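The values are calculated or read from the model by the stated rules, or taken from the named source; none is laboratory data. Only a predicted model underlies this, so the values are computations on that prediction, with no experimental measurement involved. As a convention, Cβ positions derive from the backbone with ideal geometry for all residues, glycine included, and neighbour counts pool all protein chains shown. Ligands, DNA and RNA are stripped out before the accessible areas are found, and what is left, the full protein with its side chains, is counted by its heavy atoms. Shrake-Rupley method; radii C 1.70, N 1.55, O 1.52, S 1.80 Å.
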Amino acid sequence: MHIAVCDDNRDVLAQLDHQLRLSPRVAAVSCFASLDDFLRSVEGGRQYDAILMDIDWFGCSEGIDAAEKLERLSPRTRVIYVTGYSGRFSQQIFLRRANLSGYLTKPVDQALLEANLEKVADSLILQEEPALVIRSRGSVLHIPFREIAFLEGRGHNVVIHTPQETFEIYERLESMQSSLPPDFFRCHKSFIVNMRHIRRFQQPDILLKCGALVPVSRARYAQVRDAYFRFMGQTF
């Protein structure tokens, strides 16, 4: 695994770097004394399986803020909070959105560190799922295929719709189609729908579970409907 460490104390960074390299599960360690430097590395495309994130930065809970940003930039990266003040921010960590995996207090016990790494390794095996990897506004995003409801082509751009939000990238719909799994079907020259998100057909549209309506070309309607019924038969 590739593990990142973020801490404003360079002595702590050196110690955690040493402890991590003792683990047979760790293949690489990257240390950061600056949260901005760490987030820039993620925005630049670096991928980490987990991060040991110091909560307290100069008396503030900036580590929690960074973990929340990380959840948007790299949802697969697990966060293990590390703190020297066990009671100071303990109630806050569960109120903010983050891919939280563990919580350690300084000085970090090697056995507890190893147990947390084992938990991360197990979760990566169990929960790793195929995702669409895109670059948007300088950031690299991983969007699990199961979360994508449909894709919409708008000229030279593609809008990726999930039930919660949308992402627009500079790409042609035709180019993206080959990157999608069989669950996705081209129902219109400008639309690709995820069949897992279909609620029902109501010609000339498809109603999705999120409430969105996706148009279907008249010439493709029967083909799309038949593909959906085949998909449902394989799924259930």
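Miscellaneous remarks
- Surface exposure of segment 128-236, expressed per residue as accessible area with a 1.4 Å probe, stands at 58 Å².
- Rounded, prolate or oblate (a/c below 1.5 giving rounded, otherwise prolate when a/b exceeds b/c) for segment 13-66 by Cα gyration tensor: oblate
- In this calculation the C-beta distance from GLU174 to GLU68 is compared with R0 = 41 Å, giving a FRET efficiency of 0.70.
- Using the Cβ-Cβ distance between GLU118 and SER30 with R0 set to 25 Å, the FRET efficiency works out to roughly 0.80.
- Put simply, the amide H of ASN157, placed in the peptide plane, has neighbours under 5 Å in GLU171, leaving out anything fewer than 5 places away on its chain.
- Considering only the chain, percent of DSSP beta bridges that pair antiparallel, nearest 5: 60 percent
- Stretch gain in nm, segment GLN15-ASP183, where the contour uses 0.36 nm per residue and the Cα spacing is subtracted: 55.8 nm
- If you sort the three axes of the alpha carbon gyration tensor as a ≥ b ≥ c, you get a/c under 1.5 for segment 160-236, which makes it rounded.
- For ALA149, distant residues with modelled amide H under 5 Å away: HIS161, THR162
- Given charges at Cβ of Lys, Arg, Asp, Glu: the chain dipole, positive-most of PRO181, THR105, HIS18: PRO181
- Selection from ALA222, LEU52, MET195 lying farthest towards where the dipole of the chain points positive, charges on Cβ: ALA222
- Most fluctuating residue given options PRO24, PRO163, PRO75, as computed from a GNM of the chain linking Cα atoms under 10 Å: PRO24
- For the chain, carbon and sulfur atoms together expose 49% of the accessible surface, with a 1.4 angstrom probe and every protein chain in place.
- Calculated volume of the Cα convex hull per residue in Å³ (choose from (1) 140; (2) 154; (3) 131), label: (1)
- Summed over qualifying helices (DSSP H, 4 residues or more, each -39500 (n - 2.57)) and divided by its residue number, the chain shows a 222 nm mean residue ellipticity of -9500 deg cm²/dmol.
- Dipole in debye (nearest 20) - segment 131-210, about Cα centre, beta carbon charges: Lys, Arg +1; Asp, Glu -1: 120 debye
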